[in-house]
Amino acid sequence: MDPIGLYLHIPFCLRKCPYCDFYSLPAKQNVMDNYVAVLRDSILEWGHRLKRRADTCYFGGGTPSLLGAERIAVLLNAAKEAFGLENAEVTVEVNPATVQEKDLTDLRQCGINRLSIGLQSGIEEELNGLGRLHSAEQASKTVQWARQAGFENLSLDLMLATPNQTIVSLTRSVSFCVSLNPEHISAYMLKLEPDTAFGKHPPAGLPDEELERELYLTACRQLEQKGLLQYEISNFARPGKESRHNLKYWNGQEYLGLGPSAHSFLDGRRFYFPRDLAAFLDGNPPKEDGLGGDFEEYAMLRLRLTDGLRETAVRKKFGHGIPDGMKSTAKRLAAGGLIYFLPDGFALTREGMLVSNAVIAALLG
């Protein structure tokens, strides 16, 4: 059987960012200790139950770096015992406001080999407007310390279409990111989620649809010119440095998520742990979330990738090719500049990626 991905949700933050819809709570030392003990047992229990190997492990949050290297090492050792993690990509999300040089050295020594650093912007005013607790200088220092600690695989988060962002300020932000020489950049459009502070009270200075489009296309072009090639709607990497863990999601491969709000896809079924720390600490089982892995879901996920939907891969996985109706719709969308054809299938253009939900819905309709 193919190796699975392992996702560990660390639901603690110093402070909730006004745009963030991920499940997180204030960090308290005794609660984090208790959580690590329960999550460690959960990792070992699921490893015993599944008897599967994993070749990616992703500590997401929240702010996983708040745990500190010692607690992360406890969890990582349990993951190695339960799932092997031979030659694995092991990622920890890091907030520059929560780490010092020694923390990164300790993380590298305990077996973490990839960092995802929450930069968001290289402009101080924009960082303040997003409620970030770090400066651009702190982010730069974090990258410097990470390199000194021996990390050779770094990803930076960058937010697009933020309050008062302009083409000029975005260009400066991208230049700042590129100057730090990361292997990977995730460039996400700000989305106002209903239950967030921004969702309830939208900030002033949000870009209109046309400026959003220009910001996205500007970031794509600038990153590509600097050797960071787009491989997914929001993700860019130097060749060979694409996120192996996230590619599992988009390729319809299997993964196990542990912790409150974590989702899983195993043996054709989906399940998740509710957004409830107390319930997880009490040992409540995950909730079923229906079946997964059919052609429609696979097509929806693959069309997020610049590699697109491929006839050969579809036939190998499902025993049939891309349906004729979908190909006909793709030809119509290609005439509108939203899709382009490949020798073995088709993919979304950048204009198509800007309206990916509508394009994919039309294709699957």
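Assess whether Q253 counts as being surrounded by fewer than 20 Cβ atoms within 10 Å (Cβ to Cβ) and among the polar types (S, T, N, Q).
yes
Of all the residues that make up region 10-41, how many are over 18 Å from L75 (Cβ atoms) and part of a strand (DSSP E or B)?
Final tally of qualifying residues: 1.
Identify the single condition in (1) open to solvent by 10 Å² or more (accessible area, probe 1.4 Å); (2) touching a strand residue (DSSP E or B) at 6+ places or on another chain (Cβ under 6 Å); (3) within 29 Å of H201 (Cβ to Cβ) that N113 does not satisfy, given that it satisfies every other one.
Failing condition for N113: (3).
Looking at R238, R213, R221, which one is over 30 Å from P26 (Cα atoms) and in contact with an Asp or Glu (Cβ under 7 Å, 6 or more places away or on another chain)?
Unique residue meeting the criteria: R238.
Can you confirm whether A97 is farther than 27 Å from Y272 by Cβ and touching a His at 6+ places or on another chain (Cβ under 6 Å)?
Judged against the criteria, A97 is a match.
Search region 81-107 for residues being more than 22 Å from the chain's Cα centre (by Cα) and part of a helix (DSSP H, G or I), and hand back the single one that is surrounded by the fewest Cβ atoms within 10 Å (Cβ to Cβ).
In this case the residue turns out to be K102.
Would you confirm whether or not region 61-72 contains a residue that is out of contact with any strand residue (DSSP E or B) (no Cβ under 9 Å at 6 or more places or on another chain), more than 15 Å from S116 (Cβ to Cβ) and part of a loop (DSSP other than H, G, I, E, B)?
Yes, some residue in region 61-72 is out of contact with any strand residue (DSSP E or B) (no Cβ under 9 Å at 6 or more places or on another chain), more than 15 Å from S116 (Cβ to Cβ) and part of a loop (DSSP other than H, G, I, E, B).
Give me a count of the residues in region 1-38 that are among the acidic types (D, E) and under 10 Å from L67 (Cα atoms).
Total satisfying the criteria: 1.
What pairs come up if the first residue lies in region 332-361 and is of a type in the set (K, R), the second is open to solvent by less than 30 Å² (accessible area, probe 1.4 Å) and in a helix (DSSP H, G or I), and their beta carbons are under 8 Å apart, counting only those six or more places apart or on different chains?
Filtered contacts from region 332-361: R350/Y216; R350/L217; R350/C220.
With a cut-off of at least 3 residues that are in contact with a strand residue (DSSP E or B) (Cβ under 8 Å, 6 or more places away or on another chain) and either of a type in the set (G, A, S) or open to solvent by 70 Å² or more (accessible area, probe 1.4 Å) (or both), name the strands (runs of 3 or more DSSP E) lying wholly within region 265-365.
Of the strands (runs of 3 or more DSSP E) lying wholly inside region 265-365, those with at least 3 residues that are in contact with a strand residue (DSSP E or B) (Cβ under 8 Å, 6 or more places away or on another chain) and either of a type in the set (G, A, S) or open to solvent by 70 Å² or more (accessible area, probe 1.4 Å) (or both) span 287-291.
Can you pull out every residue in region 251-264 that is assigned to a strand (DSSP E or B) and not hydroxyl-bearing (S, T, Y)?
Across region 251-264, the qualifying residues are L256, G257, L258, H263.
I want to confirm something. Restricting to region 136-150 and keeping residues that are in contact with a helix residue (DSSP H, G or I) (Cβ under 6 Å, 6 or more places away or on another chain) and more than 22 Å from S234 (Cα to Cα), which single residue is surrounded by the fewest Cβ atoms within 10 Å (Cβ to Cβ)?
G150
The values are calculated or read from the model by the stated rules, or taken from the named source; none is laboratory data. Note that this is a predicted model, so its numbers are computed, not measured. FYI the Cβ positions are ideal-geometry reconstructions off the backbone, even for glycines, and counts take in every protein chain you see. We work out accessible area using only protein heavy atoms, side chains counted, and drop any ligands, DNA or RNA first. Shrake-Rupley method; radii C 1.70, N 1.55, O 1.52, S 1.80 Å.
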